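Written below as structure tokens is the structure these notes are about.
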Amino acid sequence: MKPFKVVLIISLLVGFNSLFGQLSLKQDQLFRNDSVFDQDDERAFQTKYKSLEPSENALLFIGQDSFKLEVNPALDLALGALPNEEEWYNQYGVGLQLNITFKRFSLGFTYLNYSTDLLPYQKEYIEQRKVYPSSGVVLGNSFASFNYLESFLHYKSERFFDFEVGYGRNFIGDGYRSLLLSDFGQASPYAMLQASFWHIQYTTLFSMHRDIRGVESSADLFRQKYTATHFLEWKIAPWIRVGVFESIVWAADDGQYHRGFDVNYLNPVIFYRPVEFSVGSSDNALLGANLAIEPTSSQKFYFQLLFDEFLLDELRADLNQWRNPDQDIQSGWWANKYGIQSGWTGLNDFGIKGLSHLVEFNLVRPYTYAHSNPTQAYSNYNQSLAHPLGANFHEFVGRLTYSRKKVSFNVQYNNQLRGISETGTNFGDDLELSNQDRDKEYENYVGQGLTSRVQVLDLSFSYLLKPEWDLSLSVGHFSRNEVRAGATLEDNMTYIRLRTNLFNRYFDF
């Protein structure tokens, strides 16, 4: 795509918009965006309808009694300058957003058609995975074309219950990443039941996913699988929330028969692990917890703990080895599979209105989320259902944002260490590889395999053009540095971007 086409489109749309209202802007970065679906009522699991309120200032608005409809454009246009390159980086995403409310029903639909250039590290990812994060199978290599689609239908009962069906992504947690369930990967069909009473919120989520490894170009060969998820959150006090998570992954084709959706997991009020044992299955079971502590109205500390599999004696061995590094203790058992997250967010830092920060650390042990049957890995379309890096990594994320009225300045820094499995090996980073093909029984550690250290820096200055569309114009600089096997890989770009902040899209790894 020629750069003047993108510039022309941006110019026309900027010229079309005048100044509207006063609204602080969400962080707007090139390869990670904050969704319009903010957690504004202090819950770790949000349904999509909560932010849905059709506006009379929409591109098209129809309102009569209890019926409201709005249609707005969905845009994601970017033009980037690459160092020492004559070619420009072009990104072209155009579509629409539809929102409807009628009495207790809400419906949302978002569609964008994308065509985009790829930076070298993105090309490598797509060559390996055959997918673009959040958008499924990709056509092309140096230039990618794909579609983004998300939709939902929500019903809110008079008391207690919410029902939602849709095609989209969900998120559990209070941080930037989630080790339980994130909105990183490809959208999936889902059905959700949520009950809220007293200080308790209880969510049951059923989703359908695809295992496409090795058959990415043949949709009729995709292997179907399902997840059944419970999340129970208790607001113990105004300043503390604790949540318990469990999820089961099973393949639609189990051995010699078609299992399909297992009705044994339909019961929304019991733990899945006993059910798994009662039906004699070897499904992939995950357990976790989410904790949020808010000592003041402007500060929040949050934590997540994820267990895929472990033995207490083997965990003790790891602890003893850590306490006594000089002793030769058999430790690092491959099936000590767990993840840890801790973070801190703050608003109006140092008494400066509009200044906020986020600091977060994530660690996931090798082989976590994976399974002996790769179809039952905690993944969808070759992408993790939790953290983008899968397993065998630790990561630091730091973000500082200053927002004032329609203007926002944001700087984000990511520092990641991960171990990569080279061809013919399995050191626990790739969820699509079977645990049975692991390289080691003991002495497994985070970063084993081919060690990669990635640093990402994204600075952006944004201006909110039209709040009703959540349309912003940004200029910024993106830099990525990776050191792998003694070689340094650099990606740098200065960009201008016009987009509607409708959903999250991550490529900051």
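The values are calculated or read from the model by the stated rules, or taken from the named source; none is laboratory data. From a predicted model like this one, the values you see are computed outputs, not experimental measurements. Cβ coordinates were reconstructed from backbone atoms using ideal geometry, including for glycine residues, and neighbour counts include every protein chain displayed.
Key figures for this structure:
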item	result
Number of the exception - residue 501 against (1) in contact with a Lys or Arg (Cβ under 6 Å, 6 or more places away or on another chain); (2) under 18 Å from residue 389 (Cβ atoms); (3) surrounded by fewer than 22 Cβ atoms within 10 Å (Cβ to Cβ)	(2)
Selection within the stretch 389-401 - touching a His at 6+ places or on another chain (Cβ under 9 Å) and either in a loop (DSSP other than H, G, I, E, B) or among the hydrophobic types (A, V, I, L, M, F, W, C) (or both)	393, 400
Selected residue (only one of 305, 286 is closer than 26 Å to residue 176 by Cβ, under 18 Å from the mean Cα position of the chain (by Cα) and modelled with pLDDT under 95)	286
Count of the stretch 392-429 residues which are at pLDDT below 95 and among the basic types (Lys, Arg)	3
Residues that are assigned to a strand (DSSP E or B), of a type in the set (A, V, I, L, M, F, W, C) and under 20 Å from residue 115 (Cα atoms), drawn from the stretch 52-96	74, 75, 77, 78, 79, 81, 88, 94, 96
Residue in the stretch 158-166 that is modelled with pLDDT of 90 or more, touching an Asp or Glu at 6+ places or on another chain (Cβ under 8 Å) and of a type outside the set (A, V, I, L, M, F, W, C) present	yes
Single condition residue 467 does not satisfy, out of (1) at pLDDT below 95; (2) closer than 30 Å to residue 283 by Cα	(2)
Scan of the stretch 200-212 for residues that are under 20 Å from the mean Cα position of the chain (by Cα) and not hydroxyl-bearing (Ser, Thr, Tyr), ordered by number	205, 206, 208, 209, 210, 211, 212
Residue list for the stretch 443-458, filter: under 22 Å from residue 334 (Cα atoms), without any contact (Cβ under 8 Å) to a residue 60 or more places away in the chain and surrounded by fewer than 19 Cβ atoms within 10 Å (Cβ to Cβ)	447, 450, 451
Residue match in the stretch 399-418 (condition: in contact (Cβ under 8 Å) with a residue 24 or more places away in the chain and closer than 18 Å to residue 307 by Cβ)	no
Residue match in the stretch 176-184 (condition: within 30 Å of residue 413 (Cα to Cα) and among the charged types (D, E, K, R))	yes
Tally, over the stretch 338-391, of residues that are modelled with pLDDT of 95 or more and of a type in the set (D, E, K, R)	2
Selection within the stretch 208-239 - part of a strand (DSSP E or B) and hydrophobic (A, V, I, L, M, F, W, C)	208, 228, 231, 232, 234, 236, 237
Qualifying positions in the stretch 380-394 - touching a residue at least 60 places away in the same chain (Cβ under 8 Å) and either surrounded by fewer than 22 Cβ atoms within 10 Å (Cβ to Cβ) or touching a Phe, Trp or Tyr at 6+ places or on another chain (Cβ under 7 Å) (or both)	383, 384, 385, 386, 388, 389
Residue list for the stretch 318-340, filter: assigned to a strand (DSSP E or B) and either aromatic (Phe, Trp, Tyr) or under 30 Å from residue 407 (Cβ atoms) (or both)	338
Inter-residue pairs, beta-carbon under 9 Å, first crowded, with 19+ Cβ neighbours inside 10 Å and in the stretch 102-116, second modelled with pLDDT under 95 and among the basic types (Lys, Arg), 6+ apart	106/48; 106/156; 108/48
Test result for residue 263, of a type in the set (A, V, I, L, M, F, W, C), over 26 Å from residue 131 (Cβ atoms) and out of contact with any strand residue (DSSP E or B) (no Cβ under 9 Å at 6 or more places or on another chain)	yes
In the stretch 341-355, the residues that are exposed (fewer than 15 other Cβ atoms within 10 Å of the Cβ) and either free of Cβ contacts under 8 Å to residues at least 12 places away in the same chain or part of a strand (DSSP E or B) (or both)	350, 351
